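Written below as structure tokens is the structure these notes are about.
The values are calculated or read from the model by the stated rules, or taken from the named source; none is laboratory data. Everything quoted here is computed from the prediction, not taken from an experiment. Cβ coordinates were reconstructed from backbone atoms using ideal geometry, including for glycine residues, and neighbour counts include every protein chain displayed.
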Amino acid sequence: MRNLIYIERLFHRFGDALGWLSSVLFVLLVCNVVYDVVMRYVFNDVSIAFQELEWHLFSAVFLLGVPYAIKAGGHVRVDVFYERLSRQSQAVIDLLGCLLFLMPFCLLVAWFGIDFAKESYALGETSGDPGGLPARWIIKAMIPLSFLFMAISGIGLMLHSINKLVHPHLMADSPHSK
């Protein structure tokens, strides 16, 4: 059963990598916004591509940040009640929440999102604005990919919950335990 703890740590490393990537993309987003503002107000030059890149980067930051939030325990739940429960009750709630809500929703969006991105790719979809970004399929492909990543983070949360139930004495010292 200690292998479950090792496997959980692998899933957490994956979530940490997504959090790092999201952070890097956020820094790029900030640089892009600063560049766009300086070019617009100092040099009176507007770039549609840079404006579109802002929402592409923002989308990627959000979509890749959610799996990290799941891993880090920053996801949505009713903390007023949750925090008052025992660690075992919290583990059961997390486990059931993942199995009944998170996993089905993530897998459903990922499955249907693939066709959404494939259609965009097949049509050669680009920006509707002159000077906009080409290859709109790339940002559309982020949707199913990020929901797949959320499902992977959900597996990590389920493993964490199982480990809290099976090894409560070991999980008390875990850096991912609350």
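Could you give every pair whose Cβ atoms fall below 8 Å, whose first residue belongs to the range 10-22 and is without any contact (Cβ under 8 Å) to a residue 60 or more places away in the chain and under 17 Å from residue 59 (Cα atoms), and whose second residue is in a helix (DSSP H, G or I) and of a type in the set (Ser, Thr, Tyr), counting only separations of at least 6 or pairs across chains?
19/68; 22/68
Take residue 120 and decide whether it is touching a helix residue (DSSP H, G or I) at 6+ places or on another chain (Cβ under 7 Å), closer than 23 Å to residue 17 by Cα and in a helix (DSSP H, G or I). Let's see the steps before the verdict.
Working: touching a helix residue (DSSP H, G or I) at 6+ places or on another chain (Cβ under 7 Å): yes; closer than 23 Å to residue 17 by Cα: no; in a helix (DSSP H, G or I): yes.
Considered against the rule, which asks whether it is touching a helix residue (DSSP H, G or I) at 6+ places or on another chain (Cβ under 7 Å), closer than 23 Å to residue 17 by Cα and in a helix (DSSP H, G or I), residue 120 comes out as no.
Could you tell me which numbered condition residue 54 fails, if it satisfies all but one of (1) more than 14 Å from residue 146 (Cα to Cα); (2) touching a residue at least 24 places away in the same chain (Cβ under 8 Å); (3) touching a Phe, Trp or Tyr at 6+ places or on another chain (Cβ under 9 Å)?
(3)
Taking into account only those residues within the range 66-81 that are of a type outside the set (Asp, Glu) and more than 20 Å from residue 8 (Cβ to Cβ), which is modelled with the highest pLDDT?
Pass one, the range 66-81, residues of a type outside the set (Asp, Glu): 66-78, 80-81.
Imposing the further condition that a residue be more than 20 Å from residue 8 (Cβ to Cβ) reduces the set to 76, 78, 80-81.
Working: 76: 68, 78: 63, 80: 73, 81: 79.
Step by step, filter the range 66-81, then rank; the result is 81.
Could you please find all residues in the range 118-138 being surrounded by 12 or more Cβ atoms within 10 Å (Cβ to Cβ) and within 14 Å of residue 56 (Cβ to Cβ)?
120, 125, 126, 127, 132, 133, 135, 136, 137, 138
Of the residues 7, 70, which is touching a residue at least 12 places away in the same chain (Cβ under 8 Å), surrounded by fewer than 16 Cβ atoms within 10 Å (Cβ to Cβ), more than 19 Å from residue 133 (Cβ to Cβ) and among the aliphatic types (A, V, I, L, M)? Talk me through it step by step, then tell me what you get.
Values: 70 fails: surrounded by fewer than 16 Cβ atoms within 10 Å (Cβ to Cβ).
The match here is 7.
Within the range 92-104, does at least one residue satisfy the condition of being surrounded by 13 or more Cβ atoms within 10 Å (Cβ to Cβ) and touching a Lys or Arg at 6+ places or on another chain (Cβ under 6 Å)?
no
Please enumerate the residues belonging to the range 129-150 that are assigned to a loop (DSSP other than H, G, I, E, B), at negative phi and touching a residue at least 60 places away in the same chain (Cβ under 8 Å). Steps first, please.
Residues of the range 129-150 that are assigned to a loop (DSSP other than H, G, I, E, B), as a first pass: 129-136.
Subsequent filtering for residues that are at negative phi retains 129-130, 132-134, 136.
If the condition is that a residue be assigned to a loop (DSSP other than H, G, I, E, B), at negative phi and touching a residue at least 60 places away in the same chain (Cβ under 8 Å), then 129, 130, 132, 133 are the ones that fit.
Here are some residues: 28, 53, 18. Which one is of a type in the set (A, V, I, L, M), under 21 Å from residue 101 (Cβ atoms) and either modelled with pLDDT of 90 or more or more than 25 Å from the chain's Cα centre (by Cα) (or both)?
After ruling out the rest, the residue left standing is 18.
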